[in-house]
Each structure stands twice: as C-alpha cells, then as structure tokens.
Amino acid sequence: MTTAAEHYDDLLAEHYTWMLGGDIETAAAAQAELLGELGLFAHPGEEDAAVDLGCGPGPQTLALAHLGFASVTAVDTSAALLDELLEHARRSGTAQAVRPVHEDIREALPRLAPGSVAAVVCMGDTLPHLPDRTDVQELITSVAKALRPGGSFVATYRDLTHELLGPDRFIPVRSTEDRILTCFLDYLDEDTVQVHDLLHTRRNDTWHLKTGSYPKLRLNSEWLTTQCDAAGLHVRRNEAGPRGLYVLHAVKP
C-alpha cells in the first residue's frame, strides 16, 4: 500500500502550492492570522523556537517567522517541498529563521531538549497521515515533552469519522484552466479511509489523467482531546475552522 509520503512524492508535491491557491504568501498571511488569534506570538527579547511538522511548501513556517519566532524547524518528508519552502523564505526575507529538516515528523521532536520549544504546529491535515493511532498518541506525547511551560500545540485536521455515501464521496479540491484535482474517499474500516486523488492536467490542448491513493486515519475531536489530556496538555480549542478543517489548540501548563 502506498504511504502518504510516497503519494506526495509521486503525485501531489509539485502541485501542492497550486492546491493552496497558488500564492504561498497569501496562504502564510492567513495562517499567521489564525495562529495570532490563538495567541502564538514570540516573546519580545527572547529567542523563541517553533517547530512546523509536515511543513510542505511553508505557509505555517513563514507565518511563524512573521510572528517573530527566531527559529522555526520545518520538517517534511518531501525534499521538493522543502526546497520550495526555502525559496519562499528567501523571497520573504525570513530565511535566517528557517531550518529545514528532511525526515519523518515522528523523529524530529525526540531529538530536542525537553521544554525547549515555544510552539509546535502540525497543520494542513498532517496528523491523519500517520500510519496508526498509536503514532498519533506518541507524537502528542513528544509534543508535550518538547514544549516549555506555556507553550502551544496547534493542529488542523479533517474529521473523517462520518462516512460519506454515494456521490458525496467525490470531493472537488481545485480546478483551473490547466488543472483539475478531485478526491474520492473509500471507507475501509472504523480507523482508516483510502484517499484516491484524480489529477487532470492540460498540456497542448490535451487532458492527461494521473491517479494515486493512500490511507488516512479517521480522527475525531473527542479522541484527540483525550490524547492531549493524557499527555498533560490543556485543550483550549478543538472545533471546526477554516476550509473545513478542525482547529486544535492545546497549551502546556
């Protein structure tokens, strides 16, 4: 079975910025507004550090840098997306704050000193890309250990626990004159949905279809709140937010 990382390398990575609307700076500004509303600001005069798990081309990383974090560790399994992030960081003048790390998001936090990070974000529906629920539990535990007292954890995710039926399983992602991306959901069991992406690209007036699929976890807000509580994090918000994504915000006491 194709993993999420393999699926992105093979199909989605080169189109990811387009999927976000085509303008990373606009996407970063929207993320900075969301994070700012949640109270994620660097403290004046302090060298606050943040971690962006599953950074992609960088909208959250750039947002954290714009919010004043002196160091933002940007972690992703896609080398192509990390290269794109660095280019965006150079253009936006935030490259000095960005530290790209090419690895699995589960491996990044245990290497950090306990209590050394002011903020950890894992956004854009990254949590459900993990192989199973145990991985999510262990990641949240690692987040809690890495955060300093008062530090924040923010995740955005889709709640796929409600099974869609018939044509409702076809979800249009984005369409322009040269590209159309449609997603199809195939519910495998109580924990997993198989995501099928159908990407049409237009070249020389001819449409070409490329497809791929990967498994995604079906996580809901109650279960994630329980995992944060178990790790010692206080959940301040866990509800539906922009673009159909739930917003989870938890703080280390």
Being modelled with pLDDT of 95 or more and in contact with a Gly (Cβ under 7 Å, 6 or more places away or on another chain) is true for just one of Asp83, Asp104, Asp76. Which residue is that? Asp76
Checked region 96-146 for anything open to solvent by 30 Å² or more (accessible area, probe 1.4 Å), among the acidic types (Asp, Glu) and without any contact (Cβ under 8 Å) to a residue 40 or more places away in the chain; matches are Glu107, Glu138
Just name the residue that is least open to solvent (accessible area, probe 1.4 Å) out of those in region 180-216 that are under 18 Å from Asp9 (Cβ atoms) and basic (Lys, Arg). Lys216
Any residue in region 175-187 that is in contact (Cβ under 8 Å) with a residue 60 or more places away in the chain sitting within a Cβ distance under 7 Å of a residue that is assigned to a strand (DSSP E or B) and among the polar types (S, T, N, Q)? List the pairs, counting only those 6 or more apart or interchain. Arg179/Thr201
Would you mind telling me which numbered condition in (1) free of Cβ contacts under 8 Å to residues at least 60 places away in the same chain; (2) within 16 Å of the chain's Cα centre (by Cα); (3) farther than 25 Å from Val117 by Cβ Thr206 fails? (2)
With respect to the numbered conditions (1) under 21 Å from Asp197 (Cα atoms); (2) crowded, with 17+ Cβ neighbours inside 10 Å, which one is the sole condition not fulfilled by Arg174? (2)
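Residue-by-condition table, conditions (1) touching a His at 6+ places or on another chain (Cβ under 8 Å); (2) in contact (Cβ under 8 Å) with a residue 40 or more places away in the chain; (3) open to solvent by 50 Å² or more (accessible area, probe 1.4 Å):
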| residue | (1), (2), (3) |
| --- | --- |
| Gln31 | no, yes, no |
| Pro44 | no, no, yes |
| Ala49 | no, yes, no |
| Asp52 | no, yes, no |
| Pro57 | yes, yes, no |
| Ala70 | no, no, no |
Within region 136-160, count every residue that is out of contact with any strand residue (DSSP E or B) (no Cβ under 9 Å at 6 or more places or on another chain) and within 25 Å of Glu190 (Cβ to Cβ). 3
Residue count, region 191-202 (criterion: without any contact (Cβ under 8 Å) to a residue 24 or more places away in the chain and not hydrophobic (A, V, I, L, M, F, W, C)): 4
So is Val154 hydrophobic (A, V, I, L, M, F, W, C), open to solvent by 40 Å² or more (accessible area, probe 1.4 Å) and at pLDDT 95 or above or not? no
Just one of (1) within 28 Å of Gln194 (Cβ to Cβ); (2) open to solvent by less than 30 Å² (accessible area, probe 1.4 Å); (3) in contact with a helix residue (DSSP H, G or I) (Cβ under 9 Å, 6 or more places away or on another chain) trips up Ala79, so point out which. (2)
So in region 233-245, with the set limited to residues that are modelled with pLDDT of 95 or more and out of contact with any Lys or Arg (no Cβ under 7 Å at 6 or more places or on another chain), which one is surrounded by the fewest Cβ atoms within 10 Å (Cβ to Cβ)? His234
So, Ala230, is that one in contact (Cβ under 8 Å) with a residue 12 or more places away in the chain, aliphatic (A, V, I, L, M) and exposed (fewer than 14 other Cβ atoms within 10 Å of the Cβ) or not? yes
Give me the residue from region 12-24 that is open to solvent by 20 Å² or more (accessible area, probe 1.4 Å) and closer than 20 Å to Gly241 by Cα and, out of that set, farthest from the chain's Cα centre (by Cα). Gly21
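The values are calculated or read from the model by the stated rules, or taken from the named source; none is laboratory data. The shown structure was predicted, so the numbers you read here are calculated from the model rather than taken from an experiment. So basically every Cβ, Gly included, is an ideal-geometry build from the backbone, and we count neighbours across all protein chains shown. With ligands, DNA and RNA removed, areas are computed over all heavy atoms of the protein, side chains included. Shrake-Rupley method; radii C 1.70, N 1.55, O 1.52, S 1.80 Å.
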